[in-house]
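All of the numbers you see were taken from the coordinates with simple rules; none came from a lab. Note that this is a predicted model, so its numbers are computed, not measured. With ideal geometry, Cβ positions are generated from the backbone for all residues, glycine too; neighbour counts draw on all protein chains shown.
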Amino acid sequence: MRRFAIGLCGNASDGDDLCQMTLERALANRSRWEEGTRLDSWMYRIMRNIWIDEGRKVTRSMQTFVAEDAGLGVGGDGAQEAAVELGNVDRAMQKLPEDQREAVLLVMVEGYAYKEAAEIVGCPVGTLNSRLVRGRDALMAILGEAS
């Protein structure tokens, strides 16, 4: 859930806030969850709705550079290349339209089946598939890979 929230928000602190708001809303509305249905899908749907609501309230600028104190650990574990590549992928994800980013995050990152992801987003499976294909192609173009 946290990984999806961070992917939607673009940074860990806002993602953590989104997770907390999601848990608060889910607990406050736990009587609305229908037994026998998937709890994780219900939670993702709540999270997505909160994210949309918050996005309408405030347009946040994306942080390009990490905080100063994050530089203290650079070079510590030898995973610099992986960290740089992950940063590149994250910035590329933030360039995608919201609907494509959601599809990519749910299917390619979270591992949901197309049908489950479509239910979370609230669209037909074909629409989700189209968003996923366009999002994946856009990511590959942004990252400079051949499609």
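Data for the structure
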{"item": "In Hz, Karplus ³J(HN,Hα) per residue of region 105-112 (6.51, -1.76, 1.60; θ = phi - 60°; x = Gly, Pro)", "result": "5, 5, 8, 7, 9, 7, x, 6"}
{"item": "Karplus (6.51, -1.76, 1.60) ³J(HN,Hα), θ = phi - 60°, over region 90-100, in Hz, Gly and Pro reported as x", "result": "4, 5, 5, 4, 5, 7, 6, x, 3, 5, 6"}
{"item": "Spacing of the two label points (7 Å from each Cα toward its C-beta) at Asp53 and Leu27, in nm", "result": "1.7 nm"}
